[in-house]
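Data first, discussion second: the structure below is written as structure tokens.
Each reported figure results from applying straightforward, stated rules to the coordinates on display, with no laboratory input. From a predicted model like this one, the values you see are computed outputs, not experimental measurements. Cβ coordinates were reconstructed from backbone atoms using ideal geometry, including for glycine residues, and neighbour counts include every protein chain displayed.
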Amino acid sequence: VEDEGVIDTWLRKHRLLYVGATRHPFILGISDGTIDIFGFKRWLGQDYIFVRAFVPFVASVILKAWKESDDSSDMEVILGGMAALNDELEWFKKEAFKWGVKLSEIIVPQKQNKDYCRFLESLMNLDVEYTVAITAFWAIEAVYQESFAFCLAAGSRTPPELKDTCQRWGNEEFGKYCSSLKNIADRRLKKASDDERKKAEVTLLSVLEHEVEFWNMSRGGT
Ligand code: HMH
């Protein structure tokens, strides 16, 4: 396909995994109204832990942008994402209170969550290239954006009490922010060495796998 960015090429190549991450039964359950609310609450508590680990990851991407980027506007885009995370942490506290989920007590991170946070930590390493880190950053945000936007699409039967959660990541502004991240990643990937591009592709696949596992966690059990 002519003029197609690297990321769209990859999304076509890895379509099944991408659909698995963005149309997971957890998301389908929200959008058709059959969601088990205990699963939702479990996700909420676990995602709060994840987002707290996501903050230092984003900080590490800002550091790499400052050191390595060829375009000074990258920093503003990423900084905007960081600011959104500040709101997000506040939102989690409010939302948890609404559902009677106690974030102040220690929530035990599930295995999938711990694995994902450990993966994030590996990406914070100074020897991970900016191109690889920004690709991961885009993918992590894009999975939530695509998933929750689907729950708000025409014809969905998302329960009203879950609309606010879906809005959080499914809103248009968040969609534009994800497109900006995608543009940065695509620009970098175009210029990257084969080796770096390969690493970024493998990292994208890992993100998608971790996202699927993260949704799986809402089912409980392991
Ligand atoms: C697991 N992936 C997970 N949690 C999130 N909050 C996001 C992505 C998007 O910020």
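Points to keep in mind about this one:
- Intensity falloff of the chain expressed as log10 I(q)/I(0), Debye formula with alpha-carbon point scatterers, at q = 0.09, 0.14 Å⁻¹: -0.35, -0.87
- Charged neighbours of Gly39, selected by a Cβ distance under 13 Å, balance to +1 (K, R count +1; D, E count -1).
- The share of alpha-carbon pairs in segment 60-179 lying farther apart than 26 Å comes to 31%.
- Summed side-chain charge close to Glu129 - residues other than Glu129 whose Cβ falls under 12 Å, Lys, Arg +1, Asp, Glu -1: +3
- Placing +1 on the Cβ of every Lys and Arg and -1 on the Cβ of every Asp and Glu, with no other charges, gives segment 1-142 a dipole of roughly 940 debye about its Cα centre.
- Of Phe26, Phe97, Phe174, the one that fluctuates the most in a GNM where the chain has Cα springs shorter than 10 Å: Phe97
- If only the Cβ of Lys and Arg carry +1 and only the Cβ of Asp and Glu carry -1, the dipole of segment 158-222 around its Cα centre is close to 300 debye.
- Cross-link table Lys111/Lys176; Lys67/Lys191; Lys67/Lys182; Lys98/Lys176, entries beyond 24 Å C-alpha to C-alpha: Lys111/Lys176; Lys98/Lys176
- The sum of -39500 (n - 2.57) across all DSSP H runs of n ≥ 4, divided by the residue count of the chain, sets its helix-only mean residue ellipticity at 222 nm to -25500 deg cm²/dmol.
- Contact order relative to length of segment 90-222, as percent, for alpha carbon pairs under 8 angstrom and 6 or more apart: 35 percent
- At least 24 Å along the helix axis (C-alpha) and Kyte average at least 1.0, DSSP helices within the chain: 130-152
- Here the simple spin-label model places points 7 Å from the Cα toward Cβ, and for Lys67 and Lys114 these points are separated by 3.0 nm.
- Summing +1 for each Lys or Arg and -1 for each Asp or Glu among the other residues whose beta-carbon sits under 12 angstrom from that of Ala192 gives -1.
- For segment 129-185, averaging the sequence separation of C-alpha pairs within contact (under 8 Å, six or more residues apart) and dividing by the residue count gives a relative contact order of 46 percent.
- Taking the chain, the Cys residues with no second Cys beta-carbon under 4.7 angstrom are Cys117, Cys178.
- The chain - percent relative contact order, Cα under 8 Å, separation 6 or more: 35 percent
- Over segment 151-217, equivalent-ellipsoid semi-axes from the Cα gyration tensor in Å: 31, 17, 8
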